[in-house]
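**Q** One structure follows; several queries about it will come next.
The values are calculated or read from the model by the stated rules, or taken from the named source; none is laboratory data. It should be emphasised that the depicted structure is a prediction, and the values quoted were computed from it without experimental measurement. Positions of Cβ are backbone-derived with ideal geometry, glycine not excepted, and every protein chain shown enters the neighbour counts. Areas reflect the complete protein model, heavy atoms only, side chains present, ligands, DNA and RNA absent. Shrake-Rupley method; radii C 1.70, N 1.55, O 1.52, S 1.80 Å.
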Amino acid sequence: MDIFKNPKIEKIVYFVRHGQSEANISPVFQGPDSSLTESGREQARVVADRLAKLSFEALVSSPWRRARDTAEIISQATHTNVEYSDLFVERVKPRGINGKSIEDPAAHEIYERWEESLYTPGLKVDDGEGFNDLMDRAGQALEYLKNRPEKSLVVITHGFFLRTIFAKVLLNGSLTPENYKNFQFRASMENSGISAIIWSSSREGARWRLWIYNDHAHLG
């Protein structure tokens, strides 16, 4: 299907959540350096084969290791060079808890306060991102994608931040901390799932629209 046969559609961005990481299945607070499991590598290979059947002009990835590993497998299968952008990293935890056991009382207490900050405007916990930071970065990411010259891109990123982008797209001016939290708690996303947004025009003006969400049929 050639989506651009519809003259109202100007751009499509396919998002892929990275493959399963070591920390996804370990009882620790995951940081930037967690690598893919062998299952995660297989997920990346399967989604890479699927993406090889699509036509896209650019491959952009979070530089965090699990996303980078996924992107490199996709790059090899699609013969597309990877560009890295910090705009697409996962929500940033306070560095002091990365790699710590979830049973560690001190780390757990910091995590609980930090998680509250994700839905509380103005609240910051150590060097972790809070609500305002995430809203700003998601807005910057959408603007970055809109302004890129390519009509079709693939972006390798992370589950929570990807849902933040979709919350911005779907809720737009009606997004509040409360409905953002509700969206995060009620939406899920598989490792290596494919989602997509389109930039399209209408009588109300041009806007991002959610087109595909969490398609993981390639996993069987």
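**Q** How many of the residues making up the range 21-33 are open to solvent by less than 20 Å² (accessible area, probe 1.4 Å), closer than 14 Å to ARG95 by Cβ and within 16 Å of the chain's Cα centre (by Cα)?
**A** Adding up the residues that qualify gives 1.
**Q** A follow-up question, please. In the list ARG95, ARG65, which residue meets the criterion of being open to solvent by 40 Å² or more (accessible area, probe 1.4 Å), under 16 Å from the mean Cα position of the chain (by Cα) and in contact (Cβ under 8 Å) with a residue 24 or more places away in the chain? Show your work before the answer.
**A** Details: ARG95 fails: under 16 Å from the mean Cα position of the chain (by Cα).
Checking each option against the conditions leaves just ARG65.
**Q** In addition: Please determine whether any residue of the range 62-72 is more than 15 Å from THR157 (Cβ to Cβ) and touching a Gly at 6+ places or on another chain (Cβ under 9 Å).
**A** No: the range 62-72 contains no residue that is more than 15 Å from THR157 (Cβ to Cβ) and touching a Gly at 6+ places or on another chain (Cβ under 9 Å).
**Q** Please go through the range 1-20 and give me each residue that is in a loop (DSSP other than H, G, I, E, B) and open to solvent by 50 Å² or more (accessible area, probe 1.4 Å), ordered by number.
**A** Initially, the range 1-20 is screened for residues in a loop (DSSP other than H, G, I, E, B), giving 1-2, 6-8, 18-20.
Listed by number, the residues that qualify are MET1, ASP2, ASN6, PRO7, LYS8.
**Q** Among the listed residues THR120, THR164, THR176, identify the single one that is closer than 25 Å to ASN214 by Cβ, surrounded by fewer than 17 Cβ atoms within 10 Å (Cβ to Cβ) and not aliphatic (A, V, I, L, M). Don't jump to the end; show me each part of the working.
**A** On the way: THR120 fails: closer than 25 Å to ASN214 by Cβ; THR164 fails: surrounded by fewer than 17 Cβ atoms within 10 Å (Cβ to Cβ).
Result of the check over THR120, THR164, THR176: THR176.
**Q** Separate question: Check the range 120-127 and report whether any residue there is acidic (Asp, Glu) and out of contact with any helix residue (DSSP H, G or I) (no Cβ under 7 Å at 6 or more places or on another chain).
**A** Going residue by residue through the range 120-127, those that are acidic (Asp, Glu) are 126-127.
Okay, now just the ones that are also out of contact with any helix residue (DSSP H, G or I) (no Cβ under 7 Å at 6 or more places or on another chain), so none.
Scanning the range 120-127 turns up no residue that is acidic (Asp, Glu) and out of contact with any helix residue (DSSP H, G or I) (no Cβ under 7 Å at 6 or more places or on another chain).
**Q** Sticking with this one: Restricted to the range 34-58, and to residues that are surrounded by 17 or more Cβ atoms within 10 Å (Cβ to Cβ) and either among the polar types (S, T, N, Q) or touching a Phe, Trp or Tyr at 6+ places or on another chain (Cβ under 6 Å) (or both), which residue is modelled with the lowest pLDDT?
**A** Residue satisfying both the conditions and the ranking: SER34.
**Q** Kindly evaluate ALA206 against the criterion of being loosely packed, with under 15 Cβ neighbours inside 10 Å, in contact with a Phe, Trp or Tyr (Cβ under 7 Å, 6 or more places away or on another chain) and within 29 Å of PRO7 (Cβ to Cβ).
**A** yes
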